[in-house]
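Step one of this worksheet: look at the structure below.
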Amino acid sequence: MKRNKIVAFIAALSVAASIGTGMTGVFANADNEELLVTAETVEEVTSGVKLVYDEDNSTDTEKVIKAYYVGVDSVSGAAVNLQMSITTATAAEVDVAIKSSPTVNTDKLSEGVVNFNFSNTSGSTTEDKLLATYKITVPAGTDEFTVEQTKVQITDGNFKSISSTKSTAQLMTLTVPKWTDPNATEAPEPTATPSVVNAGVQLVYDADNSTETEKVVKAYYVGVDSVSGAAVNLQMGITTATAAEVDVAIQSSPTINTDKLSEGVVNFNFSNTSGSTTEDKLLATYKITVPAGTGAFKIEQTKVQITDGNFKSISSTKSTADLGWVMIPAWATATEAPTQAPTEVPAFTGDNEVAVSDIVSVPSGKTPAGVYVKVTKNGADAKYGEDYAAFLDGKELTEEEFENIQSGLKPDGTAYVDDVVNDIINKLVIKGMNGTKVSMGAAYMTGDNQLQPEDVTSVDFVAPTAAPTVAPTARPTATPTARPTSRPSGGGGGGSHGGSTIASGSSTSGVAGSQVTTPAANFTDLDSVPWALPAINTLAGNGIVNGTSDTTFEPLAPVTRAQFAKMVCITFGIGEKNPAAPTFTDVAPTDWFYGYVEAAAATGIVMGVSDTEFDPNALITREQMAAMMYRAITIKNITLKTSSAPASFTDAYTISGYAVEAVNVLSAASVINGMDDGRFAPQETATRAQAACIIYQYFLSYTN
């Protein structure tokens, strides 16, 4: 017995090295004795389900595990529960070889649990005794983890069962190794230097010596004992740096190239006749001058080559050196130190609070690089510690710690590692005073190394006793004095788009309650959209839309975000606003749509594609159009007549989180319809005819 345990323990330690045609695992039999299993075939397992890691079909982010039935000749039913030692898996599929529709439960995937069961009316077999195939999606770079069976039950063709609960089936633990790219060139053994980069140049932000306008980055050589030459190319995530210096510790006259600094590029190289070393392995120090107020940005290496004292090189182009990166946080302005001993600051309480995880959702397969949170009060930035505060895992954050999170860093200013962003989303709570508005979303790194928030959702803190709500419950109350008597038969159709632009009407009062009339048709190009005739004619007659000429409307042409913002403002009687300072950097006072976009932003109808940009000339999507309309209806406290349950669109799962409520409410009120094939097509661009139908059908949906 003792010998068996020792052998099993050695086998468990060797499991990562034994992936191949065979598989090593540890089983427990009915007497709770550990048994060594190194079977080439599944028959060598006494009874139960044998798990085998499928190395050939696995990747860095998808682990494939085959499950074979053992101890029965055929299977009419089975139940297998698995417990993984990781909680970071983002998806799990189970394909049962002898059942097309098993019950698969991944509700507790965040706890590492995957279960499945099925039952047939007769026994079935497979040639290789394959019972099921698991496909588990994990983050890139996931370390070795274990998959442990916590329950196994198999019923054979004679409806006799073997079960782990009755000690007639064994429970197995399988080790899934860390991914190793079979095509990768093995990197040199790294020396004892800081984290992340195993061979090459490690970048480290020097917070102690940096200022608001000068960012200091240290570069350390890794993977070589001495350096006779090096070439390092950097790409910054900003193009506003005004100067860059590189002080190479072991070369007094390196070649430094900043010709493309306006594109964010800084390069240097040097060559010595012999190898040199530094005590702390410092290769170079960068000093980058940036404008005051520069936000967080990323610096990443695009090329690294180091030649050691023996004139042997490691290089990123030959995959023998890593390409590293470092995040530079936004500068936190220090406050003047108190002249006397400070009194203890009481914890911020606030009137309401919201958990970020209740609002922000991260789609499967996407990895956020940061958390976007913006808090405003009466249209201006709210004051941290006075109007609101952030709490992480119950601990109140300082303003600097909170700014680090917003800049794509951990609270202490260091870079994120692995799944820390999702962990922060799950643990971050915002507390605010009444009258504050919190906008939140997950942020992702763009191709130009900038953090870009997606699916930003806002929460208003409105009353001491009221919990914050994402979607206001109030809906339209006013009734138009006259309604069109006919209703379009469609409104979601029309999939092709022309290239012309819309010319929205003059600033007439299109708000609920104003006169709406149906003039005679003036346009001669509406044969392709018969379902939109009443909408186009009615809105044109009331100055909400114009034709592209006296006789043409171009119904299949697309609509931009700015054009639809203007249509919504006119529809709801929202006058133009012309502040001296623009809300968005891409909407200027000289733009024809400036007053309408500013009015829509001030009332909360539009949120922008980021904190600083509106993207006015982008073609509006169907879900964006629905979201703008719904916000306007809510802000105007209008109630819609609900004629049915929300539509069950076949592609509902593709609707962005910020637009789900809008689509549900507007479809229930018949303000929006789907496409002819049952889809809503949320990311497709909207046509002029579709835009007209949404506004027209809104007018038809009033109720007191």
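Structural remarks
- Whether region 584-658 is rounded, prolate or oblate, judged on the alpha carbon gyration tensor where a/c under 1.5 counts as rounded: oblate
- For the pair T650 and E576, label points projected 7 Å from Cα toward Cβ lie 4.5 nm apart.
- When each of the peptides 353-363, 294-304 is scored by the mean number of other C-beta atoms lying within 10 Å of its residues, the order from highest to lowest reads 294-304, 353-363.
- With a Förster radius of 51 Å applied to the beta-carbon distance between N434 and T278, the computed FRET efficiency rounds to 0.35.
- Amide H contacts of G370 (H built 1.01 Å from N, in plane; Pro and chain starts excluded): A443 sit under 5 Å, all sequence-distant by 5 or more or on other chains.
- Mean Cβ count within 10 Å, highest first, over the residues of peptides 79-85, 695-701: 695-701, 79-85
- Entries in K298/K318; K298/K636; K303/K383; K99/K166; K108/K410; K318/K366 that, when Cα-Cα distance is taken, lie over 31 Å: K298/K636; K303/K383
- Region 631-694, Cα convex hull volume normalised per residue, Å³: 96
- Overall form of region 515-664 per C-alpha gyration tensor (a/c, 1.5; a/b vs b/c): oblate
- Computed from the alpha carbon atoms alone, the convex hull of region 218-315 holds 97 Å³ per residue.
- Virtual paramagnetic centre 7 Å along Cα→Cβ of D525, amide N under 18 Å, in region 659-690: 686-690
- Full extension of the chain between A91 and S253 gives 53.0 nm of extra length, using 0.36 nm per residue less the Cα-Cα distance.
None of the figures in this text is laboratory data; all of them are computed from the coordinates on show. Small disclaimer: the values here were computed from a predicted structure and weren't measured. Here the Cβ is made from the backbone with ideal geometry for all residues, glycine too, and neighbour counts use every protein chain on show.
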